[in-house]
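Notes follow once the structure below has been shown.
The values are calculated or read from the model by the stated rules, or taken from the named source; none is laboratory data. Please read all numbers here as calculations on a predicted model, not as lab measurements. Positions of Cβ are generated from backbone atoms using ideal geometry, with glycine treated the same way; all protein chains shown enter the neighbour counts. Areas reflect the complete protein model, heavy atoms only, side chains present, ligands, DNA and RNA absent. Shrake-Rupley method; radii C 1.70, N 1.55, O 1.52, S 1.80 Å.
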Amino acid sequence: MTAVPLDSFRAELERLRADAESALSAATDDTAIEVARVEFLGARSGRLKAIQKSLGGLAGADKPAGGKQFNEAKNAITASFEAARNRVLSSSGLQSESAIDVTLPGSPVRLGHLHPLTRTIRRVQEIMGRLGFESVDGPEVEDQWHNFEALAIPAEHPARDPLDNFYLAVARGADPLLLRSQTSTVQIRVMENRDPPLRIVSLGRVYRPDTADATHYPMFHQVEGLLVEPGITMAHLKSVLRLFASSFLGGDVHVRFRPSFFPFTEPSVEVDMEWGGRWVEMGGAGMVDPAVLEAVGYDPDTVSGFAFGLGVERIAARRYGVDDIRDFYRNDVRFLRQF
Ligand code: FA5
């Protein structure tokens, strides 16, 4: 068998080297580099491996020179391969594999949390639940019957004034709907559908065209409580409110009743709470008016009940030491992060 001439062996190596360099310099991603690696440097069927096998065909005297040329070509192709790999890594944002130091501590992920008003609502539901009050919902768009009439607020009552409510545009002649101005609507909806005894609590949004200030907002939340059973008195009302206030605010909270008027309760009171040396009005309450019990088909001679409605923003402000309820709605994370 005639020996392979050293010149043609070298020419073959040069061609391979040129092919490898052009394939690697054209590679723009990991996949292209891997394809080139397998073609040129592959351990089993790579083109370099094939040339290595032909080394054995050189004449004995040419073998040392051929081996040297083979090693030079192999080192050059391996270096081009490394260079191409680093180029692709750095263009994908990673300078090189060593740029990721897995021993460094990770950057902390900041966890969000519930809005203080949502937390207040859940806490109120939980405390009232322990006192046996079931949580119920009612619609925010209401009709005149549930927002006013069934609550003994007749057509001529100033509380129905268009300037004091958000009425919705409706077809001519139809009874206008409105965004509910109080959660007392839910009292009616529940009593219409259930028989006594009942204990419910309802938390939700209400709407009034009030000018926003430190204690008012045009959209706010109320918590409505209603208990109807035989033999209920104002003493039960005060006990429940005291228990609630002490659990919610913590410590010994004093509850004060001031005589007031609501068309749907008789007698009616304003509820103030004293905590940390300050009295704050939290809401209204009273014994459900017999006219309201009759409007929903209950017999006022066999059952009586109390109802209360508290402002959620006011009790949340008290609980968290917030001076201005508008802060709850500014969406300023520096404020919200504190809770
Ligand atoms: C009522 O809304 C009655 N429905 C409460 C009631 C329920 C009485 C059951 C009797 C029986 P009043 O309008 O006072 O009452 O509102 C109750 C509470 O809502 C207020 O004491 C206050 O805490 C809160 N509140 C009223 N207006 C606003 C407002 N614009 N922004 C924030 N909170 C308000």
Checklist entry - Given the conditions (1) surrounded by 22 or more Cβ atoms within 10 Å (Cβ to Cβ); (2) within 11 Å of the ligand (Cβ to nearest atom), and given that V201 satisfies all but one, which numbered condition is not satisfied? => result (2)
Checklist entry - For the range 33-61, which residues satisfy the criterion of being open to solvent by 50 Å² or more (accessible area, probe 1.4 Å), under 15 Å from R15 (Cβ atoms) and within 56 Å of the chain's Cα centre (by Cα)? => result E39
Item to check | Residue check for R208: within 22 Å of I325 (Cβ to Cβ) and open to solvent by 40 Å² or more (accessible area, probe 1.4 Å) | outcome: yes
Checklist outcome for this item: Listed by first then second residue, the pairs whose first member lies in the range 108-126 and is over 22 Å from A245 (Cβ atoms) and touching a residue at least 12 places away in the same chain (Cβ under 8 Å), whose partner is exposed (fewer than 13 other Cβ atoms within 10 Å of the Cβ) and not β-branched (V, I, T), with beta carbons under 9 Å and at least 6 positions apart or on separate chains, are H113/R337
Checklist entry - Which ones in the range 249-284 are assigned to a strand (DSSP E or B), open to solvent by 20 Å² or more (accessible area, probe 1.4 Å), among the charged types (D, E, K, R) and more than 9 Å from the ligand (Cβ to nearest atom)? => result R256, R258, E266, E274, R278
Item to check | Subset of the range 290-323 (residues that are open to solvent by 30 Å² or more (accessible area, probe 1.4 Å) and assigned to a loop (DSSP other than H, G, I, E, B)) | outcome: G297, D299, P300, D301, T302, G321, D323
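Just to be sure before I move on: is G311 assigned by TED's automatic domain parsing to the domain that holds T185, within 14 Å of the ligand (Cβ to nearest atom) and touching a Ser or Thr at 6+ places or on another chain (Cβ under 9 Å) in the structure I sent?
Yes: the conditions hold for G311.
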Checklist entry - Can you find a residue in the range 231-244 that is in the same structural domain as V124 (by TED's automatic domain parsing), buried (at least 21 other Cβ atoms within 10 Å of the Cβ) and over 17 Å from M128 (Cα atoms)? => result no
